[in-house]
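Encoded as structure tokens, the structure appears first; notes follow it.
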Amino acid sequence: MFLALRELVFARGRFALMGSVVALIAVLVVLLSGLSVGLVNDGVSGLKKMPVSSFAFQEGVAKDSAFSRSIVTRDAVEKWSEQDGVDEAAPFGNTLVNARSDEGVEIDLALFGVETDSFLAPEAAEGSGLTDAPDGIVISETAAEEGIAIGDVIRLKPSETPLRVVGILDGQHTYGHVDIAYLPLKTWQEVRAGARPGETVPPRTYDEFTAVAVKDKPDAEVDVAAADKAAGTTSFTLEESFGASPGYTAETSTLQLIQGFLYAISALVVGAFFTVLVIQRRQELAVLRAMGASTGYLLRDSLLQSLVLLVVSAGIGVGIGLAGGAALASTPMPFSLEAGPIAVATVLLITLGLVGAAFAVLRVTRVDPLTALGGNR
Amino acid sequence: MSPILSLTDVTLVHGDGEETVTALDKVSLEVSPGELVAIVGPSGSGKSSLLAVAGALTTPTSGTVRLADHDLGTSSPRELARIRRDQIGFVFQSGNLVPALTSYDQVRLPLTFGKVSDPRDPAELLAEVGMDHKAKRRPHELSGGERQRVGIARALVTRPHLLLVDEPTAALDRQRSQDIVGLLAREAHEHDVAAVMVTHDHDVLHHCDRVYEMIDGRLNAVATSTD
């Protein structure tokens with residue numbers, strides 16, 4: 001540390017330049033992390049908050065469009081609830097619709113149809129949960145923020161089906177960047193069939209829904225393959241089903257790719273900086289080695305120097321990122337700062353930077369102390 | 001007094017195959033504590049090679065090098081680094097100080113490499129070489145002679161048995177050269193250090209106890225100048 005710290009102070013201009021590059025990368029990493037958490041929340045927060053272990057979809061359905069294409073029947077629910085290790089199974093319906101409230105608020109909704117007495121029935125933070133009233137809906141808090149209140153009537157397009165808001169959920173419940181409205185399964189089935197108010201629908205409409213929502217018993221192992229075979233379904237775990245949310249896979253993989261590139265850039269930039277630094281210090285390092293400094297001493301000293309540089313500049317960058325992020329979080333942008341992902345990203349940034357520095361610093365082992373003698377070559 | 005450094009029939013050959021250069025040709029030399037030995041000779045005569053062999057920076061092709069109780073020819077690189085740290089002090093051309101360090105820290109630097117049993121006090125040593133008034137200056141704020149003084153203090157802080165000095169006056173004017181070599185002689189005599197100095201500068205030889213001339217890798221004693 002003796003030499004490392006004194007050099008940091010002496011060549012502060014040079015190190016500050018390098019540090020600001022790392023800090024800027026850290027700012028970007030924090031913002032990207034906030035953006036990906038925000039997008040994930042926007043995409044699947046409603047699914048995440050369901051007390052569900054897995055969804056059983058129509059057999060052979062493609063994962064990326066499972067929620068929009070799948071149709072299963074009551075049979076499947078019965079078959080699934082008979083399986084060992086399954087606590088409960090219930091029908092679940094999912095459709096995206098456009099709507100407009102009588103107060104004139106335009107809103108897109110993800111309609112989640114559930115049986116009002118099943119384990120899927122939501123608990124409202126305000127108002128009541130789903131009731132016997134066929135037109136009662138419970139909406140996400142984020143929808144309430146758009147200007148929809150309890151007691152409001154919203155009309156779906158184009159059928160003009162009126163629904164009445166009876167409750168508001170706690171926190172953000174969204175699916176595919178759209179606010180969720182829970183409604184009774186029977187009403188959902190009529191909406192999905194495209195029926196106008198008062199129109200009758202074919203009886204089989206009431207037998208069809210999107211998927212079977214399955215809740216496993218705690219610590220139970222369910223033989224998924226056997227259950228799928230018995231029920232004629234293809235099931236995905238809750239996490240796997242996130243991929244069926246519109247745009248989810250594309251968004252998360254794009255952001256992960258960008259973040260991956262940032263880590264690689266940080267490692268390469270830091271590595272390149274220390275490579276140049278070691279080459280520049282060659283004569284000095286030769287002198288130190290001639291004086292009897294061990295290889296370990298020089299490696300430790302240089303690595304500590306890069307660690308101090310990385311930690312300080314990443315710290316500053318994360319600070320700036322958090323401040324900027326707090327400003328962004330109050331805008332409609334899907335942005336959410338969470339300590340976990342940011343900590344992971346920061347540690348990764350520092351670790352990969354150190355790896356880059358380590359490769360560069362290994363060059364000190366190749367400095368020949370003999371070159372300390374003679375002229376300043 | 002028995003010699004602290006003894007080279008016996010040391011030969012150092014660079015390169016391999018047909019293109020070989022004999023840098024040292026059966027060189028024998030003994031230096032006792034408190035002695036300043038000068039080695040003069042033209043460029044490329046093998047003076048630096050002699051310092052490298054005596055300074056545990058390279059092992060000779062044949063012959064033996066003994067420093068105190070150590071046979072440098074049979075020591076591992078790790079042991080050699082330790083011997084350099086504990087027993088040898090180097091004074092390089094134009095000081096070769098670390099740019100980031102103040103004069104005081106330059107002198108403390110060798111003490112950070114590892115445990116030193118009986119170091120000299122850096123501040124005292126800095127005063128002894130006449131640099132205490134510039135203890136907080138960095139090398140770029142010092143003159144050539146001042147840098148050399150700090151370099152000498154740095155080499156002596158671990159109380160080495162052997163002081164190896166590489167062209168200390170290469171970048172200095174006449175008067176400063178006399179001062180620096182005078183300082184080296186005084187330190188060697190007063191602190192019982194065996195010192196070997198390589199130089200081009202014939203004007204400073206009167207400070208030295210013995211003078212050798214190196215020509216084409218061979219070392220010959222020169223009649224000591226009048227003192």
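A short reminder: the numbers here are calculations on the coordinates, not readings from a lab. Just so we're clear, the structure is a prediction, and the values are computed from it rather than from any experiment. Every residue, glycine as well, gets a Cβ built from its backbone with ideal geometry; the counts of neighbours run over all protein chains shown.
Quick notes
- Max mean-square fluctuation residue, GNM over chain A, Cα-Cα springs under 10 Å, options A:I316, A:I71, A:I279: A:I279
- Cross-link pairs exceeding 21 Å in C-alpha to C-alpha distance, out of A:K63/A:K157; A:K63/A:K217; B:K115/B:K136; A:K63/A:K229, comprise A:K63/A:K157; A:K63/A:K217; B:K115/B:K136.
- Cα centre as origin, Lys/Arg/Asp/Glu Cβ charges: the range B:65-137 dipole, Debye: 300 debye
- Computed from the C-beta positions of A:A329 and A:D368, the FRET efficiency with R₀ = 60 Å rounds to 0.60.
- Model label zone, B:I215; criterion: amide N under 14 Å from point 7 Å along Cα-to-beta-carbon; scope the range B:36-78: B:40-43, B:45-46
- Legend: mean number of C-beta atoms from other chains within 10 angstrom of residue C-beta atoms, peptide B:95-101, equals 6.
- Positive-end residue, the range A:148-286 charge dipole about Cα centroid, Cβ charges, pick of A:L183, A:F273, A:S253: A:F273
- Peptide A:289-301 has a mean shielding of 6, counted as Cβ atoms of other protein chains within 10 Å of each residue's Cβ.
- Gain in span if fully extended, B:D192 to B:D118, counting 0.36 nm per residue against the direct Cα distance: 25.2 nm
- Between A:S65 and A:V355, the C-beta separation translates, for a Förster distance of 35 Å, into a calculated FRET efficiency of about 0.30.
- In this simple spin-label model, placing a label point 7 Å from the Cα along the Cα-to-Cβ direction at both A:V21 and B:V13 gives a separation of 4.8 nm.
- Modelled spin-label separation between B:H202 and A:I279, with each label point placed 7 Å from Cα along the Cα-to-Cβ direction: 4.3 nm.
- Chain A: relative contact order in percent, alpha carbon pairs under 8 Å with at least 6 residues between: 28 percent
- Anchor A:K49: lysines whose Cα lies under 16 Å away (excluding residues fewer than 8 positions away in-chain): A:K215
- Rg and Dmax [Cα atoms of the protein assembly as shown; Å; Rg one decimal, Dmax integer]: 40.1, 129
- Neighbour-count ranking [beta-carbon atoms within 10 angstrom, fewest first] of A:F112, A:F236, A:F335: A:F236, A:F335, A:F112
- Selected from A:G243, A:A125, A:T351, residue furthest toward positive end of dipole (the protein assembly as shown; charges at beta carbon): A:T351
- Measuring nothing but how far apart in sequence close Cα pairs (under 8 Å, 6+ apart) lie, relative to its length, the range A:120-268 scores a relative contact order of 20 percent.
- Equivalent ellipsoid semi-axes, chain B, via Cα gyration tensor eigenvalues times 5, rooted, Å: 28, 20, 17
- Approximating the spin labels as points 7 Å out from Cα along Cα→Cβ, the B:S28-to-A:D223 distance works out to 9.3 nm.
- Value of relative contact order over the range A:1-150, rounded to a whole percent, pairs C-alpha under 8 Å and six or more apart: 12 percent
- Helices assigned as whole DSSP H runs in chain A whose Cα atoms extend at least 27 Å along their own long axis and whose mean Kyte-Doolittle hydropathy is 0.0 or higher are found at A:12-48, A:248-280, A:295-329, A:339-361.
- The range B:98-152: trypsin sites (Lys or Arg not before Pro) in DSSP loop, at most 13 other beta carbons within 10 Å: B:K115, B:K136
- Highest-fluctuation residue, A:S33, A:S294, A:S101 considered, GNM on chain A with Cα pairs under 10 Å: A:S294
- Residues A:A343 and B:E79, FRET efficiency given R0 of 45 Å [Cβ-Cβ distance, rounded to 0.05]: 0.50
- Net charge contributed by nearby residues that have their C-beta within less than 12 Å of A:L130 (K/R +1, D/E -1): -3
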